[in-house]
Amino acid sequence: MRTDFETLETLASYTIDSLKQQKMIEFEIENRAALIDAMATEYGVSFATDEDVRDQAIEEVEEKMGDMVPEDITESEMFNHARKEIIKSFNGENIGGLYLVESLHLIANRMTEFMLNCDLVEDVFGTDEDIHAFLVKKIRTFSPKKN
C-alpha cells in the first residue's frame, strides 16, 4: 500500500477518535473535518509518505541529470537508488507505511502541543505526560488497513 496525505488523514482521524473515546479532548463535531485536516498537516512535519519519498527522489535525479532526465524517471535505476537511499536515511523506522522523520516521542510532544494550542480543540483533559504516553501508544499501533 502506498502512503500519501490520505494516510496522514487516516492517522489523524484515528488519533482524534481515540482521544475523544478516552475523553481526553473535546471539540465541536462540526469542526471534526477541519481538525483532521489540521492534525494531518501537523503530522506531515513528523512523517514522510511514499509520495514524499518519490518526490524527493525525483528531485535528486533531476539535480544530478539536469536536462538529460529520462521521460519515465521513476523507472530509472538512478531513481530507484535515490529512493532506497532516502528510505535508508529513516533507519527503517516506519509506522503504517509512514516513515518517521523524527522520533516517536518527539512526534507525541509535537501533537500534544498541537492539541493544547489548536483553536479547533475546545478542551484537553489530562496531564501533558498522560497525553504524551497515550499518543505514543496509539501512534505505535496505527495501521491504515485496520483504521
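Of the listed requirements (1) open to solvent by less than 30 Å² (accessible area, probe 1.4 Å); (2) in a loop (DSSP other than H, G, I, E, B), Ile131 misses just one: (2).
All of Thr41, Thr74, Thr49 fail the test of being farther than 30 Å from Glu113 by Cβ and hydroxyl-bearing (Ser, Thr, Tyr), apart from Thr74.
The residue that is nearest to Asp123 (Cα to Cα), among those in the stretch 25-53 that are in contact (Cβ under 8 Å) with a residue 40 or more places away in the chain and β-branched (Val, Ile, Thr), is Ile25.
Remark: pairs (first residue in the stretch 72-88, among the aromatic types (Phe, Trp, Tyr); second residue surrounded by 12 or more Cβ atoms within 10 Å (Cβ to Cβ); Cβ separation under 7 Å; 6+ apart in sequence or on different chains) = Phe79/Ala57; Phe79/Ile58; Phe79/Val61; Phe79/Ile73. Listed by first and then second residue, the pairs with beta-carbon distance under 9 Å, at least 6 apart or on different chains, first residue in the stretch 103-125 and over 13 Å from Leu19 (Cβ atoms), second assigned to a loop (DSSP other than H, G, I, E, B), are Ser103/Glu93; Leu104/Glu93; Ile107/Val101; Arg110/Glu102. Within the stretch 84-126, the set of residues being touching a Ser or Thr at 6+ places or on another chain (Cβ under 8 Å) and buried (at least 18 other Cβ atoms within 10 Å of the Cβ) comprises Gly96, Leu98, Tyr99, Leu100, Ile107, Met111.
The values are calculated or read from the model by the stated rules, or taken from the named source; none is laboratory data. The structure displayed is predicted, hence computed values, not measured ones. A quick note on method: Cβ atoms are made from the backbone with ideal geometry, for glycine too, and the neighbour counts reach across all protein chains shown. Heavy atoms of the whole protein, side chains included, go into the accessibility calculation; ligands, DNA and RNA do not. Shrake-Rupley method; radii C 1.70, N 1.55, O 1.52, S 1.80 Å.
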